[in-house]
Each structure stands twice: as structure tokens, then as C-alpha cells.
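J.: Let me begin by handing over the structure; questions about it come next.
The values are calculated or read from the model by the stated rules, or taken from the named source; none is laboratory data. In this text the structure is predicted, and so the values were computed from the model without any measurement. Virtual Cβ from ideal backbone geometry, glycine too; neighbours counted across all protein chains shown.
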Amino acid sequence: MNAGQREAQKERAASAAVSLVESGMTLGLGSGSTFRYALNALARRIASGELCDIRAVPSSGATAKLAQAKGIPLLPLTADLLLDLTIDGADELDGDHRMIKGGGGALLREKLIAEASARLAIAVDGSKIVKQLGKYPLPVEVLPFGWERQQVFLAELGAEVSLRQDSQNRPYLTDNGNYILDCHFGAIAEPQTLAAAIKARTGIIEHGLFIDLATDVFVASQASVQSSQRGSKDAAQPLLPQS
Ligand code: 5RP
């Protein structure tokens with residue numbers, strides 16, 4: 001698949017996810033290039049009058065700016081707010097709707113929003129589908145204070161760990177002022193066990209394993225967009241990696 005085909009797939013998967021949006025919904029807005037296609041599709045449906053009374057919580061400063069530019073009213077993530085639907089992308093997605101996210105560095109707020117949502121719709125191009133998670137390095141957000149101790153801890157769990165850097169070779173800072181450690185685990189045999197081990201560590205803020213969160217996934221191939229809902233997996237076609 002070339003770059004143009006991949007972008008076309010992202011756009012079609014994102015538009016399919018946006019078809020779940022109904023007037024009056026409060027949305028969670030993801031981050032990343034696939035999500036940007038979703039935001040464009042959402043803005044088109046609002047501009048055409050097909051959708052009204054849409055409000056949203058953004059998962060990053062970058063998304064907040066884009067949504068504001070499109071005139072979408074933004075809300076803070078307050079205690080009493082239940083989001084109807086969050087739309088987002090992913091870096092890897094397996095057949096059980098488990099994901100690696102955080103390639104764009106927004107994993108903490110993306111997970112907070114996903115957990116506050118009744119539904120989480122994930123849109124991906126076919127290259128993101130894997131049999132086993134782990135080829136894509138797992139992003140882990142850590143407190144800058146003592147971060148090297150987390151690097152050692154993650155290496156002891158089996159990863160090759162690198163501190164994410166920005167374009168000027170300084171440590172990349174998340175919207176929350178934290179660092180990201182990119183962890184190359186290779187195939188992750190037990191995502192749930194790894195997630196629990198990482199989560200329990202003081203100084204680690206959050207990891208990019210998203211398990212039991214995605215309710216609806218939209219996977220584009222060259223020919224079509226395949227959707228699958230959690231709970232109706234048996235009826236849906238299996239999600240297979242594209243060769
Ligand atoms: C950002 C994310 C993105 O959803 C993920 O990195 C996918 O991005 P893209 O759609 O650009 O491939 O998790 O933190």
C-alpha cells in the first residue's frame with residue numbers, strides 16, 4: 001500500500017466512524033492524522049445542517065485548536081459529564097479490539113476520554129491490524145522526575161526503551177508536561193498482564209495499551225470499510241492483518 005492509498009483508507013475509515021454521530025451528542029475527540037479526517041467529516045455534516053447541538057471534549061491541545069477552528073463548542077472533562085461517543089485512531093489494533101495508542105503522545109487524555117464515553121469508535125487503515133500487539137513501540141507516559149528509573153523498570157519487563165525526543169533533540173513533552181518512553185517489546189503475549197504491571201509502577205502516569213475500551217472499530221481496506229462491534233464479534237468478520 002502506498003502513502004496515498006493509506007491516506008484514502010484513513011479517510012474512509014474515519015468517515016464511517018463519523019456516521020455514528022447523531023444530533024445532540026457530546027463527543028470525545030481523539031488525536032492524530034486519522035482523527036483529523038474524522039473531524040473534517042464531522043464538520044462537513046454540521047455545516048450541511050445534518051447534525052446540530054454537537055459539543056465535544058478534545059484529547060489534546062492540537063485537537064482543541066482544530067475543533068475550535070471548525071466552530072465546534074468544547075467542554076472540559078467534568079465529573080458529571082458522560083460522553084456519548086469518542087472517535088479516535090490507533091497505532092495497532094488486534095482482533096479483540098485491543099490497541100496500542102499514543103504514537104502522537106496524547107494517550108493519557110485519550111484514555112481518560114475513552115473511559116468517560118459510552119462508546120469508543122476507532123478508525124484505522126488496514127496496515128494497523130495485527131495478530132499480536134507489540135511491533136509498534138508501546139508509548140508510556142512518565143513523570144520527568146526520576147524518569148530513568150522507569151526506563152530501567154520497563155527494560156526489566158523486556159522492552160528496549162527510548163526516551164521520545166522532539167525535533168530539537170530535547171525530551172518530547174506531552175500536553176501534561178510529562179515524558180514519553182517508547183518501549184519496543186516485540187510481540188506482547190499477554191497485554192492485560194503487561195498493562196497491569198506497568199500501571200502499578202509509581203512514576204508511570206499511563207501506558208498506551210487500550211484494552212476493553214473500543215466498542216466499534218472501522219477498518220479500511222482497498223475495497224471497503226469493515227466494521228465490528230464489541231459483543232457481536234462472532235457475527236462480524238475477523239480483522240486480519242493486510243499483507
Ligand atoms: C495519538 C494516537 C493516535 O490515534 C495514533 O497515534 C494514530 O495516529 P494516526 O492516525 O496519525 O496514525 O494515539 O496519541
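J.: Find the strands (runs of 3 or more DSSP E) located wholly in region 108-214 whose residues include 2 or more that are over 30 Å from residue 55 (Cα atoms), and list them.
T.: 138-142, 160-163, 179-184
Here's the yes/no breakdown for (1) within 15 Å of the ligand (Cβ to nearest atom); (2) touching a residue at least 40 places away in the same chain (Cβ under 8 Å); (3) closer than 25 Å to residue 220 by Cα:
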| site | (1), (2), (3) |
| --- | --- |
| 36 | yes, no, yes |
| 52 | no, no, no |
| 68 | no, no, no |
| 71 | no, no, no |
| 74 | no, no, no |
| 93 | yes, yes, yes |
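J.: Something else about it: Tally up the residues in region 55-92 that are in contact with a Ser or Thr (Cβ under 8 Å, 6 or more places away or on another chain), surrounded by fewer than 21 Cβ atoms within 10 Å (Cβ to Cβ) and of a type outside the set (D, E, K, R), please.
T.: Count: 4.
Conditions tested, residue by residue: (1) among the small types (Gly, Ala, Ser); (2) at pLDDT 95 or above; (3) buried (at least 17 other Cβ atoms within 10 Å of the Cβ).
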residue: 202; (1), (2), (3): no, yes, no
residue: 210; (1), (2), (3): no, yes, yes
residue: 216; (1), (2), (3): no, yes, yes
residue: 236; (1), (2), (3): yes, no, no
residue: 241; (1), (2), (3): no, no, no
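J.: Which condition number does residue 10 fail, the rest of (1) surrounded by 18 or more Cβ atoms within 10 Å (Cβ to Cβ); (2) away from the ligand (no atom under 14 Å from the Cβ); (3) assigned to a helix (DSSP H, G or I) being met?
T.: (2)
J.: For region 106-135, which positions are within 12 Å of the ligand (Cβ to nearest atom) and among the basic types (Lys, Arg)?
T.: 109, 111, 128
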